[in-house]
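K.L.:
Right, I'll just put the structure down here and ask away after.
Bear in mind that the values in this text are calculations on the coordinates, not laboratory data. Just so you know, these numbers come straight off a predicted model, no measurement behind them. When we count neighbours, we look across all protein chains shown, and the Cβ atoms used for this are built from the backbone with ideal geometry, even at glycine.
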Amino acid sequence: MSTPRKEPTIDTQCFDLTDRVKLTWRDVRLMVETPTAPQEVETTQEITPPITRTRNLTLEEQKAIALTLTPLIESAVRQALKDTLEVSLQNALARVRVDIDRSINGLVTEAVTKELAKIDLNKIQSR
């Protein structure tokens, strides 16, 4: 006797994206449809791009930057992976629990039904 699969429920600590977004779809559509007035630029002034001086980093500077950034980036990546793994494991555990509960219920019911069918009430009463 099989029971239909039930999907795991979402943890109560989670919340919907709508809880964090203040805009409705109507607001978003209005923002997109409403044209913004272009800013007027005086045409009498010549616009010159700013002069930027570029130079290549020396090998020592590159190493110093890498030594500074590497631990910070590594820590951020490790934390992100840890959080992702936590959520994945919680979801997997919830699914396994639901699957076990569903299969145990069916197995126990089936076993009890079979054992009840084997019992001969006439033998028990004659004892």
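K.L.:
Binning at 5 Å from 0, report for the stretch 67-127 what percent of all alpha-carbon pair distances ends up in each bin.
P.N.:
The percentages, shortest bin first, are 3, 14, 9, 10, 8, 8, 8, 6, 6, 6, 5, 4, 4, 3, 2, 2, 1, 0.
K.L.:
May I ask you to order 113-119, 84-90 by the average number of other C-beta atoms within 10 Å around their residues, highest value first?
P.N.:
Top of the packing list down: 84-90, 113-119.
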